[in-house]
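Read through the structure below, which is laid out as structure tokens, and then see the notes.
Derivation of every value follows stated rules applied to the coordinates shown; laboratory data play no part. The model shown is predicted, which means the values in this text are computed figures rather than measured ones. So basically every Cβ, Gly included, is an ideal-geometry build from the backbone, and we count neighbours across all protein chains shown.
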Amino acid sequence: MNSTDKTVTNPQSTVELNADSILAGSRFVRACLRKPVDRTPVWFLRQAGRYMQEYREVRKHHTLVEICKQPQLAAEVTITAAEKLGVDAAIIFADLLLPLEPMGLDFEFQAGEGPVVHRPVRTAEDVRALRTDRASDLEYVSVAIQKVASHFRDRLGIIGFCGAPYTLASYMIEGGGSRNYIFTKQLMYQNAPAWNALLDKIVIVLTEYCRQQVQAGADVIQIFDSWVGSLSLTDYRDYAFAASKRLVRAVQEMGVPVIYFGVDTAGLLGAMAETGADVIGLDWRQPLNEGWASVGHTRAVQGNLDPITLFAPLEILEMRVKEILRSAAGRPGHIFNLGHGIVPGTPVENVQAVAKMVRDFKLENAIA
Ligand code: CP3
């Protein structure tokens, strides 16, 4: 069965598809493919996280990596968040950095510091030492996806994910988050063969990792290029684009749509769309319609509420949500989301309220 075509027909109606009978999973996947939907699908980046009481409870007893590695826990965290918010898609609970371990790099999450890679990649020799034959060690993620898929069946879309080659390489080289990406850009500019070898190895591992996720039941794969906004357009084209494009195409050949997301990407959107990704994630810094124009209307877009607007009073929040929905103008291929992840301290009820605003929105009523 082609997992991208889950259109549901209403057994009570022989006339036409009853809009209410479109399941959320189908609505989400259809929007990724720019097919018409009854309403705009919605989910949130980092919808399972510390802002949510249930997640904080689980975190009292387990580290982040423990949750990821115990499929029952990872599945529960994924399901709880999606059900509590009333969204159309569930993103598997995992982390961008998990593939580093089977490649031979140890890392940990230090409280308040974010991820730390103990022996970052700095030389051609370090790149040579990285392994590409142990992607099967990441199987715990696909086991969790299987559990989420058997829970939701077709009711919700299931999103698998991985980092983009550039963003993952920058973590491996910097050893954690970075302000200026000096080590990354040094390797990139000074040792192109080592840089290319590194991206090649990452693409090999991620392709296998995504294959496991798709076979386990992921309907869509999102590729996070969170730090790609650190690159100029020229450097993106010269040093990051080709590897991203190869990964996008490899995943699409598995039969699922790809969402390609980055932050601070206003100048990169056209080039990102050239990877062939089905959906481009938009950050909040420009209006949705301007971002969509840069991407081109032959692609779907996802976004783009500023996550910090979730701290605003409901009236302001509603204005911003409606502005985005009106800006999409009913064109097929919009998935409502934030421009980046939910941050700790965000009021859960505001996230729920946004999900409801999107579910209830009717374009014709909204136009005065
Ligand atoms: O619902 C979900 O989206 C949760 C699943 C998820 C996590 N990480 C769990 C997590 C996803 C999709 C990610 C992806 C991820 N991880 C990205 C790309 C998304 C983005 O924000 O651009 C990145 C850059 C990472 C790397 C990472 N993981 C960082 C920089 C941090 C520290 C930030 C912080 O808030 O401390 C993490 C930790 C992390 N990964 C948390 C969660 C819920 C929070 C920390 C915790 O629970 O201790």
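Which of the GluC sites (Glu not before Pro) across segment 238-332 are loop residues per DSSP, with 11 or fewer other Cβ within 10 Å?
Of the GluC sites (Glu not before Pro), the ones in loops of segment 238-332 whose Cβ has at most 11 other Cβ atoms within 10 Å are Glu253.
Given only helices, namely DSSP H runs of n ≥ 4 each adding -39500 (n - 2.57), what is the per-residue ellipticity at 222 nm of the chain, to the nearest 500 deg cm²/dmol? Could you put the intermediate results ahead of the total?
On the way: 15 runs with 160 residues, N = 368.
Rounded to the nearest 500, the figure is -13000 deg cm²/dmol.
How far apart, in nm, are the 7 Å Cα→Cβ label points at Arg179 and Arg59?
2.5 nm
Karplus couplings for segment 125-139 from phi (6.51 cos²θ - 1.76 cosθ + 1.60, θ = phi - 60°), rounded to Hz, Gly and Pro as x?
Taking θ as phi minus 60°, the curve returns 5, 4, 5, 4, 6, 5, 9, 10, 9, 10, 4, 5, 4, 8, 4 Hz for segment 125-139.
Taking Cα centroids, how far is segment 314-364 from segment 128-192 in Å?
28 Å
Can you tally the net charge around Val248? Count Lys and Arg as +1, Asp and Glu as -1, for every other residue whose Cβ sits under 11 Å from the Cβ of Val248. Numbers along the way, then the final one.
Details: positive: Lys245, Arg246, Arg249; negative: Asp225, Glu253, Glu274, Asp278.
It works out to a net charge of -1.
Run the dipole for the chain about the Cα centre, Lys and Arg Cβ at +1, Asp and Glu Cβ at -1, nothing else charged, and hand back the magnitude in debye, nearest 20.
Details: 38 positive and 41 negative charges, 63 e Å.
With only Lys, Arg, Asp and Glu charged at Cβ, the dipole is about 300 debye.
Excluding Val214 itself, what net charge comes from residues whose Cβ is under 13 Å from its Cβ, given Lys and Arg +1 and Asp and Glu -1?
Surrounding charge for Val214 is -2.
With everything on Cα atoms, drop me the angle between helix 192-216 and the longest principal axis of the chain, reported from 0 to 90° to the nearest 10.
Helix 192-216 and the main axis of the chain meet at about 40 degrees.
Using 1/(1 + (r/R0)^6) with R0 = 25 angstrom and r between the beta carbons of Leu314 and Glu66, what's the FRET efficiency to the nearest 0.05? Write down the numbers at each step before the final one.
Values: r = 36 Å, r/R0 = 1.45.
Calculated transfer efficiency: 0.10.
Stretch Arg131-Ser327 to full length: gain in nm at 0.36 nm per residue minus the Cα-Cα span? Mind showing how you got there, number by number?
Details: separation 196, 0.36 × 196 = 70.56 nm, distance 4.56 nm.
Length gained between Arg131 and Ser327: 66.0 nm.
Of Ala353, Ile202, Trp227, which is farthest on the positive side of the dipole of the chain, counting Cα position, with +1 on Lys and Arg Cβ, -1 on Asp and Glu Cβ, and the Cα centre as origin?
Of the candidates, Ala353 comes out farthest on the positive side.
Is there a pair in Lys60/Lys201; Lys35/Lys356; Lys245/Lys322; Lys84/Lys245; Lys147/Lys322; Lys84/Lys322 whose C-alpha atoms are over 28 Å apart, and which pairs would that be?
Lys60/Lys201; Lys245/Lys322; Lys84/Lys245; Lys147/Lys322
List the relative contact order of the chain as a percent without decimals, with contacts defined as Cα pairs under 8 Å and 6+ residues apart.
Details: 711 pairs, mean separation 75.4, N = 368.
Relative contact order comes out at 20 percent.
So which trypsin sites (Lys or Arg not before Pro) in segment 150-241 end up in coil per DSSP with only 10 or fewer other C-beta atoms within 10 Å?
Here the trypsin sites (Lys or Arg not before Pro) that fit, given the DSSP loop and packing criteria, are Arg179.
For segment 5-360, what mean projected area does the convex hull of the alpha carbons give, in nm²?
Mean projected area for segment 5-360: 16.8 nm², to one decimal.
Among Ala250, Thr40, His61, which residue has its Cα positioned farthest towards the positive end of the charge dipole of the chain, with +1 placed on the Cβ of Lys and Arg, -1 on the Cβ of Asp and Glu, and the dipole taken about the Cα centre?
Thr40
Going 7 Å from the Cα of Arg50 in the Cα-to-Cβ direction, what parts of segment 220-255 have a backbone nitrogen less than 13 Å from that spot?
none
May I have the extent of the alpha carbons of segment 301-345 along their three principal axes, as whole Å values ordered from largest to smallest?
So the extents along the principal axes, rounded to whole Å, are 33, 21, 8.
About the Cα centre of segment 313-368, how large is the charge dipole given +1 on each Lys and Arg Cβ and -1 on each Asp and Glu Cβ? Please answer in debye to the nearest 20. The partial results should precede the final answer.
Numbers: 7 positive and 6 negative charges, 40 e Å.
Result for segment 313-368 is approximately 200 debye, rounded to the nearest 20.
Give me the distance in nm between label points sitting 7 Å out from Cα along the Cα-to-Cβ direction at Asn191 and Val143, one decimal.
It is 3.7 nm.
Over segment 226-348, what is the relative contact order in percent, taking alpha-carbon pairs closer than 8 angstrom and at least six residues apart?
Details: 189 pairs, mean separation 27.8, N = 123.
Dividing the mean separation by the residue count of segment 226-348 yields 23 percent.
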